[in-house]
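Enquirer: Let me begin by handing over the structure; questions about it come next.
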Amino acid sequence: MPESHLAYFHRHGFGRADLTAVLRSRNFMAYGLFVEDALAAYALLKVAPTGSAFIGLRVGPEHTGKGLGRFIIEYLYWQASLAGLRTRSTISRHNPASLRSHEAVADFAVIAELPNDYVMIEFPRVRRERPVLGV
């Protein structure tokens with residue numbers, strides 16, 4: 001993905017060492033969505049010992065606006081619900097695509113105002129059904 005498309009994603013770096021550390025860590029559950037053998041979207045749940053799971057998501061520029069972000073958020077929310085985790089995310093108020101993806105999945109509560117116009121949100125703790133990607 002181009003650097004410009006990672007403006008709001010600060011969970012980790014994308015160098016080989018950074019990605020290797022994420023994939024080896026027990027704190028992260030990493031996911032990839034592939035279209036014709038190419039990575040279309042990358043997502044993760046960062047699991048904390050407090051029972052929270054933080055969502056991270058990047059959709060490639062050629063795949064935005066197609067509902068992939070909404071599907072992946074819904075899928076991560078479902079995964080966290082299976083484990084009984086509180087699902088949270090930090091979102092920039094300047095990132096309307098991320099806000100729309102989260103809003104399309106479920107109502108959420110803003111639980112904290114963060115520096116630099118970010119908010120921390122939390123989805124309600126409810127059992128979810130497995131989402132299906134309709135393409």
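Enquirer: Which residue, of P2, P49, is loosely packed, with under 12 Cβ neighbours inside 10 Å, at pLDDT below 85 and of a type outside the set (A, V, I, L, M, F, W, C)?
Expert: Within the list P2, P49, the selection yields P2.
Enquirer: So how many residues does the range 64-111 have that are within 10 Å of the chain's Cα centre (by Cα), modelled with pLDDT under 85 and of a type in the set (G, A, S)?
Expert: Residues flagged as within 10 Å of the chain's Cα centre (by Cα), modelled with pLDDT under 85 and of a type in the set (G, A, S) within the range 64-111 amount to 3.
Enquirer: Out of F54, F34, which single residue is surrounded by fewer than 19 Cβ atoms within 10 Å (Cβ to Cβ), among the aromatic types (F, W, Y) and part of a strand (DSSP E or B)?
Expert: The match here is F34.
Enquirer: Could I ask something else about it? Within the range 37-51, which residues are closer than 28 Å to V110 by Cβ and either among the charged types (D, E, K, R) or part of a strand (DSSP E or B) (or both)?
Expert: A41, Y42, A43, L44, L45, K46, V47
Enquirer: Any idea which residue in the range 58-85 is surrounded by the fewest Cβ atoms within 10 Å (Cβ to Cβ), counting only those that are hydrophobic (A, V, I, L, M, F, W, C) and in a helix (DSSP H, G or I)?
Expert: Ranking the candidates gives L82 first.
Enquirer: Turning to a different aspect of this structure: Go through (1) without any contact (Cβ under 8 Å) to a residue 60 or more places away in the chain; (2) assigned to a loop (DSSP other than H, G, I, E, B); (3) surrounded by fewer than 17 Cβ atoms within 10 Å (Cβ to Cβ); (4) not aromatic (F, W, Y) one by one and return the number of the condition V110 breaks.
Expert: Every listed condition holds for V110 apart from (2).
Enquirer: Could you list all residues from the range 91-131 that are on the phi > 0 side of the Ramachandran plot and among the polar types (S, T, N, Q)?
Expert: The one that is on the phi > 0 side of the Ramachandran plot and among the polar types (S, T, N, Q): N116.
The values are calculated or read from the model by the stated rules, or taken from the named source; none is laboratory data. Please read these numbers as outputs of a predicted model, since none were measured by experiment. Positions of Cβ are generated from backbone atoms using ideal geometry, with glycine treated the same way; all protein chains shown enter the neighbour counts.
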